[in-house]
1. Once the piece of chain linking ALA114 and GLN97 is laid out straight, how much longer is it, given 0.36 nm per residue of separation minus the C-alpha distance between them?
2. Could you pull out every residue, at least 5 positions away or on a different chain, whose amide H is within less than 5 Å of the one on THR57? Hs are placed 1.01 Å off N in the peptide plane, and Pro or chain starts have none.
3. Taking H as built 1.01 Å from N, whose amide H comes closer than 5 Å to the amide H of ARG177, not counting residues under 5 places away?
4. For the range 3-16, just list the computed ³J(HN,Hα) in residue order, Karplus coefficients 6.51, -1.76 and 1.60, θ = phi - 60°, integers in Hz, with x standing in for Gly and Pro.
5. With viscosity set to 1.002 mPa s at 20 °C, what whole-number translational diffusion coefficient in µm²/s follows for the range 2-244 from Stokes-Einstein and a Kirkwood radius over Cα pairs?
6. Highest mean first, how do 170-181, 25-36 rank when packing is the count of other Cβ atoms within 10 Å averaged over residues?
7. Can you work out ³J(HN,Hα) from phi for every residue in the range 149-165, in order, using Karplus 6.51 cos²θ - 1.76 cosθ + 1.60 and θ = phi - 60°, giving whole Hz and x for Gly and Pro?
8. Rounded to the nearest 0.05, what FRET efficiency do ASP215 and ARG42 have when you use their Cβ-Cβ distance and R0 = 30 Å?
Amino acid sequence: MKIAILGATKGMGRAVARRLVERGDELFLLGRDPEDLVRSARDLETRAGRASGSVGTATCDLERPEGFAAALAAAEAGLGGLNAVVVTAGLFATQDQLEADPELARRLLTVDFANTIVFCEDARRRLLARGGGTLCVFSSVAGERGRKPVVLYGAAKAGLSRYLEGLDHKFRGQGLRTICVKPGFVRTGMTAGLPTPPFACEPDAVAVRVVRAIDRGSPVVYAPGIWGLIMLVIRLLPRFVMRKIGF
Ligand SMILES: NC(=O)c1ccc[n+]([C@@H]2O[C@H](COP(=O)([O-])OP(=O)(O)OC[C@H]3O[C@@H](n4cnc5c(N)ncnc54)[C@H](OP(=O)(O)O)[C@@H]3O)[C@@H](O)[C@H]2O)c1
């Protein structure tokens, strides 16, 4: 497959990119730091035994939507086609940090909700123009219920999950397979320094589930899988219980 990926310089995006390139997919990396992108591309080429320059890169910052079209056009041109777009890029801050800093809250809501969707809309149009493909986007279990520790981040991810669900309902019949990834707590730079809850996992374990979901076209994937069961229970809890517990 010819795959553009936004967020492959770190964490789960890096793990997904490594898995895809090692099994033979062609990748094009999008991200905000040109040097990081080139370093990541060379790492992927070495892992897959490919020629230097075979993994292309272009800058794309989720805070600069005016650059989305050019970045995706560069990916299409570099790959000579486009079968899938993967979006792992995202911003996190704790609820305390966001309550204390309205500008940070505005940025996070813009990046994780509005601008991610604007990026996906451009990717959707390009994939549909080619007869279909796969759009795989990282949301979070944080979006499943209104929860005290993630009021703002969770709201952004909830909106993103709903968008992805609607997209899947509307366009699957036209060949666009939309995949919403909902990780639990994963040990990456994003969670460094946070207390580790039960069922925490490593990015590689998430990547295995995500690549399988891309192959199968599963519309929703929890990672690790146990979070599917946990969230089933959480979704059923009455509001007065959610108000009492710290979860
Ligand atoms: N870690 C968790 O426990 C967890 C749980 C649930 C959901 N998630 C979600 O899963 C996704 C991946 O998380 P992760 O833990 O792998 O994160 P991570 O290690 O912090 O990596 C985040 C990636 O997003 C990129 N990024 C950040 N802001 C960007 C921007 N404005 N424009 C373009 N790229 C940007 C970063 O690029 P740079 O290299 O330039 O910084 C990096 O490649 C995120 O959407 C996150 O919200 C994470």
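No lab work stands behind these numbers, since they all come straight from the coordinates. Bear in mind the structure is a predicted one, so any value in this text is a computation, not a measurement. With ideal geometry, Cβ positions are generated from the backbone for all residues, glycine too; neighbour counts draw on all protein chains shown.
1. 4.1 nm is the gain from fully extending ALA114 to GLN97.
2. LEU29
3. Residues meeting the criterion, in which the H sits 1.01 Å from N, are GLY133, THR134, LEU135.
4. Running phi through 6.51 cos²θ - 1.76 cosθ + 1.60 with θ = phi - 60° gives 10, 9, 10, 9, x, 7, 6, 8, x, 5, x, 5, 5, 5 Hz.
5. Approximately 118 µm²/s, per Stokes-Einstein.
6. Averaged packing, sorted descending, gives the order 25-36, 170-181.
7. x, 9, 4, 7, 4, x, 5, 4, 6, 4, x, 5, 4, 5, 4, 5, 5
8. Plugging the Cβ-Cβ distance into 1/(1 + (r/R0)^6) gives 0.70.
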